[in-house]
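The values are calculated or read from the model by the stated rules, or taken from the named source; none is laboratory data. A quick note: this is a predicted structure, and the numbers were derived from the prediction, not measured. FYI the Cβ positions are ideal-geometry reconstructions off the backbone, even for glycines, and counts take in every protein chain you see.
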Amino acid sequence: MISIELADLQIYAYHGIFEGEEKVGNPYIINLSVKYEERDNDFENINNTINYEELHNIVKQRMSIPTGLLEKICVNIIRHIKHQYPFVKEIDLSIKKLQPALQEFQGNVGVSMNKKFND
């Protein structure tokens, strides 16, 4: 199994359910791992694998759409990747909001999703 990864991707975006989050925004850290079977591949060009630049574009594009819940963003990103790369067997995705709008809270909040495909 091969894993293509985006690690500690930093994006500023406008997500959240609290008033003002869609205006002020927040820094996010995204980690993505997309796994697939090797399939007797010689890896001579980018068409023989998953292009991490395309994964980055999928994530950036979806993160640019203000959304209340991080869960919805995760589901949308995972569906888009699976649609673009039907041979994918597993996707791990985490999105962390680094400065949540919570009183007296230090740390970050986030969502992680894992999706396995048996097709």
Checklist line | Candidate set: segment 70-105, residues that are in contact with a His (Cβ under 8 Å, 6 or more places away or on another chain) and among the aliphatic types (A, V, I, L, M); chosen: the one farthest from residue 15 (Cα to Cα) | finding: 73
Next item on the list: Looking only at segment 87-96, decide whether some residue is at negative phi and not in a strand (DSSP E or B).
Entry: yes
Check: Under 9 Å by Cβ, and 6 or more places apart or on different chains, what pairs join a residue from segment 95-110 that is under 17 Å from residue 32 (Cα atoms) with one that is outside any loop (DSSP other than H, G, I, E, B) and basic (Lys, Arg)?
Finding: 109/96; 109/97; 110/96; 110/97
Next item on the list: Considering each of 30, 4, 11 in turn, give the residue that is closer than 21 Å to residue 119 by Cβ and within 16 Å of the chain's Cα centre (by Cα).
Entry: 4
Next item on the list: Please state which one of 41, 45, 51 is more than 14 Å from the chain's Cα centre (by Cα) and modelled with pLDDT of 90 or more.
Entry: 51
Next item on the list: Report yes if residue 79 is without any contact (Cβ under 8 Å) to a residue 60 or more places away in the chain, exposed (fewer than 15 other Cβ atoms within 10 Å of the Cβ), on the phi < 0 side of the Ramachandran plot and not in a strand (DSSP E or B), otherwise no.
Entry: yes
Margin query: I'd like to know if segment 54-68 contains one or more residues that are at negative phi, in a helix (DSSP H, G or I), aliphatic (A, V, I, L, M) and at pLDDT below 95.
Written below: no
Next item on the list: Keeping to segment 40-67, report how many residues are among the aromatic types (Phe, Trp, Tyr) and exposed (fewer than 13 other Cβ atoms within 10 Å of the Cβ).
Entry: 1
Margin query: If I filter segment 34-43 for residues that are outside any loop (DSSP other than H, G, I, E, B), in contact (Cβ under 8 Å) with a residue 40 or more places away in the chain and within 30 Å of residue 107 (Cα to Cα), do I get at least one hit?
Written below: yes
Next item on the list: For residue 22, indicate whether it is more than 11 Å from the chain's Cα centre (by Cα), surrounded by 14 or more Cβ atoms within 10 Å (Cβ to Cβ), of a type in the set (D, E, K, R) and modelled with pLDDT under 95.
Entry: yes
